1. From 276, 260, 288, which residue is at pLDDT below 95 and surrounded by fewer than 18 Cβ atoms within 10 Å (Cβ to Cβ)?
2. May I ask you to list the residues in the range 179-201 that are basic (Lys, Arg) and open to solvent by less than 30 Å² (accessible area, probe 1.4 Å)?
3. Mind checking which residues of the range 206-222 are among the β-branched types (Val, Ile, Thr) and either open to solvent by 10 Å² or more (accessible area, probe 1.4 Å) or at pLDDT below 95 (or both)?
4. Residue under question is residue 171, and the condition is that it be under 29 Å from residue 65 (Cβ atoms) and open to solvent by 10 Å² or more (accessible area, probe 1.4 Å); does it hold?
5. Would you confirm whether or not the range 190-197 contains a residue that is within 30 Å of residue 310 (Cα to Cα) and of a type in the set (S, T, N, Q)?
6. Name every residue in the range 289-334 that is assigned to a loop (DSSP other than H, G, I, E, B) and within 16 Å of the ligand (Cβ to nearest atom), in order of residue number.
7. Among 153, 124, 130, which is part of a strand (DSSP E or B), among the hydrophobic types (A, V, I, L, M, F, W, C) and within 27 Å of residue 29 (Cβ to Cβ)?
8. Filtering the range 338-367 down to residues that are of a type outside the set (A, V, I, L, M) and part of a loop (DSSP other than H, G, I, E, B), which residue is most open to solvent (accessible area, probe 1.4 Å)?
Amino acid sequence: MNRFRALIPLAGVAVLGVLYLAALFIRSTRTQIELQEAVKVVGTATPVKLVAINPHGVRSLRASLRQGGQSYPVYERTVSASRWNLFPKAVNPTPFEFEAGTGKANGLKDGRAVLRVETVSNDLAGRTDLLELDVEVNSRPPAVSVDEGQHYLTLGGSEVVVFTASGYWSEAGVRVGKYTFRSFPLPGANDVNRRVCLFAIPYDTERGEVPVVYVRNPAGAEATSGFWNRLTWKTFRKRNIEVTDAFLEKIFKELDPGGKGNPAPRFVKINSDMRKANAQTLSELRLKTADRILWHGPFLQLANSSVEAQFCDYRDYFYQRQLVDRQVHLGFDLAVTAHTPVAAANDGVVVFAGPLGIYGNAVVIDHGLALQSLYAHLSEIQVKPGDAVKKGRIIGKSGATGLAGGDHLHFSMMVDGVMVNPVEWWDAHWIHDRILAPLKMTE
Ligand SMILES: [Zn+2]
């Protein structure tokens, strides 16, 4: 009896121990494996970025490619284990980055495969979790072949090129100096490798910079091709702008209320810094585009308007006879009378409608394939983002909001976020010869 009593505390310890182990097992939690970027095609060394999410952390991660009953290991990492801690601090998601492809998997062939990622949770139970992904192995390097054709280019103008991409590629388009323009599936082609790219010769292209078509994959392998082109250089106008106190009072009230200090630097901050920030916002709208052509026929110019400023006027700004700033005007200023109805230049979808710094109340319409039009300084906006508009539909009224001295419409055209000369897009002949004919499209 006495001996039995002596065993009771021992039994208690044993029970506690079992409970502790049971708790450790019960506490084992599932690992969520999340890809940071989609992986559909695997080349020779395709980067795979993922995070493993488990409050206990992960003890190990292994990745392999499986094909025809064979498994090809591509990655393995073991993280220090702590199995015995019942109250571990919550662990942040663990990032993993590795390369998968034929480079590390001798015997892997082009065709279908499964990328398999296996994690073990960092607790006593060591729970195994899996992510399996169907991928296509394509170890052929990217290649490009440009359709035959003559490309007459103008500084500040637009152009289209058609090409075929092949091999493993994930990005294809045209590069001009520091600018890149994305390509889209060729309308009516039914083959994602047949591509069309609308591109610009940006106004600040430097002599000697020629457009090239490029295709590349995430591993950085790239192929490029030039194409026949003839670039017409252009000299743009120079304009002196006198900045008056009345004008400054008007724009400070709207764009720098409560601001203090010398008028000249305050003006330059708006004209330079705010302009840059607004240009960035406009450029990012290029990502909100349809992958097909939404427009038809020439774009409309504000009816009966007089041209007050042209595309690429180089402007010198003077305040009290001192040169205070220099900017390039990348659109047309068109004036009729105050509060003139402004029509959509062509069919499209509104992707921006609201105040935008120096542009005042502005509307941007997407016309597909990253071609967009901008309407600025409006006194009234009559559309909202997401609205589908037809050519000629009234979208607002002209005004003098933003950096504007008097009532006018500032109109810009953009190709993949780069401002281009609208004159070409207003011209039915140019549209037919330079855009629709190469695409074998009619209006
Ligand atoms: Zn303007």
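1. On the way: 276 fails: at pLDDT below 95; 288 fails: at pLDDT below 95.
Selected residue: 260, the only one of 276, 260, 288 that is at pLDDT below 95 and surrounded by fewer than 18 Cβ atoms within 10 Å (Cβ to Cβ).
2. So the first thing to find is which residues in the range 179-201 are basic (Lys, Arg), and the list is 182, 194-195.
Hit for the range 179-201 is 195, nothing else.
3. Scanning the range 206-222 gives 210, 212.
4. On the way: under 29 Å from residue 65 (Cβ atoms): yes; open to solvent by 10 Å² or more (accessible area, probe 1.4 Å): yes.
It is true that residue 171 is under 29 Å from residue 65 (Cβ atoms) and open to solvent by 10 Å² or more (accessible area, probe 1.4 Å).
5. Taking the range 190-197 and keeping what is within 30 Å of residue 310 (Cα to Cα), we get 196-197.
Pick out the ones that are also of a type in the set (S, T, N, Q) and you get none.
The answer is no, given that none of the residues of the range 190-197 is within 30 Å of residue 310 (Cα to Cα) and of a type in the set (S, T, N, Q).
6. As a first pass, look at the range 289-334 and keep what is assigned to a loop (DSSP other than H, G, I, E, B): 289-305, 310-312, 320-321, 330-331.
Matches in the range 289-334: 301, 302, 305, 310, 311, 312, 330, 331.
7. Details: 153 fails: within 27 Å of residue 29 (Cβ to Cβ); 124 fails: part of a strand (DSSP E or B).
Being part of a strand (DSSP E or B), among the hydrophobic types (A, V, I, L, M, F, W, C) and within 27 Å of residue 29 (Cβ to Cβ) holds for just one of 153, 124, 130, which is 130.
8. If we filter the range 338-367 for residues that are of a type outside the set (A, V, I, L, M), which is where we start, we get 339-341, 346-348, 352, 354-355, 357, 359-361, 366-367.
From what is left, the residues that are part of a loop (DSSP other than H, G, I, E, B) are 339-340, 346-347, 360, 367.
Working: 339: 108, 340: 17, 346: 0, 347: 14, 360: 4, 367: 0 Å².
In this case the residue turns out to be 339.
The values are calculated or read from the model by the stated rules, or taken from the named source; none is laboratory data. What you see is a predicted model; the values in this text were computed from it and never measured. All Cβ positions, glycine included, derive from the backbone under ideal geometry; neighbour counts span all protein chains shown. When the accessible area is computed, the model is the full protein with side chains, heavy atoms only, and any ligands, DNA or RNA have been set aside. Shrake-Rupley method; radii C 1.70, N 1.55, O 1.52, S 1.80 Å.
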